[in-house]
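Taken together, the values in this text are just the output of simple stated rules run on the coordinates, not laboratory data. What you are looking at is a predicted structure, and each value in this text was computed from that prediction instead of being measured. We place every Cβ from the backbone using ideal geometry, glycine too, and count neighbours over all the protein chains shown.
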Ligand code: T1G
């Protein structure tokens, strides 16, 4: 785990715990033992510590917080090991490459010098997994780089690159990529230098005089950006101790606050989410194939069909990953508008300092445009992103099938339509798959990859690997109406509207949703994305219905015996499409404005609606709003598992956290259900099903019922799921 060797008078400690050199008990013990050995070795004058493989040390082993701890040979805790390093009279140099994160940076701060390669990153990301730096990070970092930057880094968990770390004084020098050679050379140069002033715990906190202002600014930022999370608050509290107490006493406070957080349900949920996000790309379709049995195709070039918001966003996601893209539109004007959108977004990134002008120019140089599918004969992959219309998509896929080489993978960015039907327009259904991106596609991390009946394992592997390459978290799901995310969302939006019919107002429903931690309410999001989008899809469904001989009544509150709310259609008929028209479920100052206002017209519309349909409006409690919005959504998640549309509960949680703003600190809907208690969810579902028998989303899932009886931990639901498929 930690290797020791000596080169002349330099002791070299190599941490070797793949894949990221996480600090397990054995690594901690190994560091202690090797430092002791170096201290006692009279031939050693200086010590270098570095990491084997891609990283220096990426922090404590996250498995260790909830799982069983390995027993330790050495009694010292990690903070004690770091204090032991700092106290050494032989200088210790941390030679950093890859990342020095969490406990990794804390170990580096226990050293007397830190050097790093230019691409190395450092940070204290503990807050992101619900805890705080528990090995002196909250006390040494403000001494090293100042209170302001330390509060920022520790409360946000963001990583910074070596050049910025150098500016902040976190590292002493940037060196070439041959990190060990550089470490040894640096070590030799500091052998005789006095260590006074190099032991960070002995230094004063920089910027202490501005503490009050800096701490209150950090707290204000947390309240705004990390609403509902307890860890950022405790992280700030721990850093604040650095200006109130001497180092040793403040370390005791750090340990105390660490215990509060590490035992919290938010920390467990965040750590579950951490591992779930890393599980998602490792797809598994029981009985078909899995990520470790199939090789993906290498995508060298891609095309995107449609230069609207979605198409341009997808093109940017590909360009950002250095994949050359041909953007195709049917009309020159649309194409030019799309290109301008991309150029403007890159120009914005340059203004914000996220890209240099040269980088933006390079990315744009990989963008080609075309008005003809004939230009797509050599691309490896095409992503269609036109509006949701089956006939149009089939026409496009038939054309693509003719124009593209036989090995090209054809993807649809549909958010709800049948992938098998789209694939049926081609002679290569094995190479057709859904790649459902989320707006804005260059930013949102979720990629819901929808496999059709005939999609080949190689095609699945290809889009999963493409997803990782373009920085997404790809999740494989099966083909059904609206797939996983939107299928579950459907129950939530329906129920939110039923609540309006019965007495609630949009802002009342939205505030319960936001209080739970979803950043934007159901009606606010509907106004943001435009009510007309759903209306267009519904109108297609009404047309289908009419074609099958059933007349659609625009006032109908039931379709095929199922409760339905025509309120969304009513708003659209009045031209209330949301923000873009300055009115939707809310009123806006002008079209395109962001701030929603309660609209008296909507209140009157709802009252008239209830009267017309003989519904007595009543005050609906926040608890009822919560259960009615979220329990059917959770229940639908169990049905999705039952149907084999998702194969793991973790995948559903990843979808909701990364595509729909579900608060990560609750772990996702399935994990959260487990926290509430599946028996409680099941009983509540039964209760509401009796009240609302015409809404099938209240019918409790059989899987939920069975799991509720068994009280299995979420990691073992898979067996139940597999036994049903
Ligand atoms: N513990 C255990 N496993 C870890 C790990 C960790 N800290 N970090 C990564 N892994 C696993 C991960 O699950 C995956 O496993 C593999 O490594 C590659 O990761 C004392 C209390 C380092 C930037 O929070 O941010 O220190 O899926 O897919 O994109 O005060 O991993 O292959 O089986 O993410 O190249 C603080 C978390 C801990 C760092 C690499 N440290 N890690 O990214 O690969 S708490 C963190 C990351 C702590 C101290 C406190 C990233 C990465 P598998 P990956 P990557």
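Between residue 439 and residue 180, with labels modelled 7 Å along Cα→Cβ, what's the label distance in nm to one decimal, could you check?
5.3
Normalised by the number of residues in region 485-724, what is the relative contact order in percent for Cα pairs under 8 Å and 6+ residues apart?
Once normalised by length, the contact order is 22 percent.
How far is it, in nm, from the label point at residue 40 to the one at residue 533 when both lie 7 Å from their Cα along the line to the Cβ?
That separation, rounded to one decimal, is 6.6 nm.
Run lengths n ≥ 4 of DSSP H only: what is the helix-derived mean residue ellipticity at 222 nm for the chain, with -39500 (n - 2.57) per run over all residues, to the nearest 500? Before the final figure, lay out each step's value.
Values: 30 runs with 353 residues, N = 725.
Dividing the helical sum by the residues of the chain leaves -15000 deg cm²/dmol.
Quick one: length gained pulling residue 330 to residue 607 fully straight, 0.36 nm per residue minus the C-alpha distance?
Working it through step by step, the gained length comes to 95.2 nm.
With each label point set 7 Å from Cα along the Cα-Cβ vector, what nm distance links residue 377 and residue 259?
7.3
Share of antiparallel DSSP beta bridges in region 2-262, in percent to the nearest 5?
For region 2-262, the DSSP antiparallel bridge percentage is about 25.
What ranking of 224, 514, 539 emerges when the number of other C-beta atoms within 10 Å of each C-beta is taken as an exposure proxy, fewest first?
224, 539, 514
Just want to confirm a number: the relative contact order over the chain, from Cα pairs under 8 angstrom separated by 6+ residues, in percent. Show your work: numbers first, answer last.
Details: 1360 pairs, mean separation 63.9, N = 725.
Reported relative contact order: 9 percent.
Looking at the chain only, what percent of DSSP beta bridges run antiparallel? Nearest 5 please.
30
How much length would be gained if the chain were fully extended between residue 702 and residue 80, taking 0.36 nm per residue of separation minus their Cα-Cα distance, in nm to one decimal?
Numbers: separation 622, 0.36 × 622 = 223.92 nm, distance 5.17 nm.
Extra length from residue 702 to residue 80 when fully extended: 218.7 nm.
Roughly what % antiparallel, to the nearest 5, for the DSSP beta bridges in region 292-477?
The antiparallel proportion sits near 15 percent.
Can you figure out the FRET efficiency of residue 421 with residue 643, using R₀ = 25 Å and their beta-carbon distance, to the nearest 0.05?
It comes to 0.90.
Which angle from 0 to 90°, rounded to the nearest 10, does the C-alpha axis of helix 147-156 make with the longest principal axis of the chain?
The helix 147-156 is inclined about 40 degrees to the chain.
Run the numbers for residue 520 and residue 547: contour at 0.36 nm per residue of separation, minus the present Cα-Cα distance, in nm. Write out the running numbers ahead of the final one.
Values: separation 27, 0.36 × 27 = 9.72 nm, distance 3.75 nm.
Residue separation times 0.36 nm, minus the Cα-Cα distance, leaves 6.0 nm.
For residue 292 and residue 722, what is the calculated FRET efficiency with R₀ set at 25 Å and r taken between the beta-carbons, to the nearest 0.05?
0.90
Could you work out the relative contact order of region 2-262, using alpha carbon pairs under 8 angstrom and six or more residues apart, expressed as a whole percent?
Rounded, it is 18 percent for region 2-262.
If you line up the long axis of helix 309-320 against the longest principal axis of the chain, both from Cα atoms, how many degrees apart are they, to the nearest 10?
Once rounded, the angle reads 30 degrees.
Report, in degrees rounded to the nearest 10, the 0 to 90 angle that the Cα long axis of helix 600-612 makes with the longest principal axis of the chain.
50
One-quarter of the Cα convex hull surface for the chain, in nm²?
The Cα convex hull of the chain, projected and averaged over all directions, gives 34.0 nm².
What's the ranking of 701-712, 342-353 by average number of surrounding C-beta atoms within 10 Å, highest first?
701-712, 342-353
To make sure I understand, if each residue's beta carbon is the centre and we count other beta carbons within 10 Å, what order do 570, 414 fall in, fewest to most?
Fewest to most other Cβ atoms nearby, the residues stand as 570, 414.
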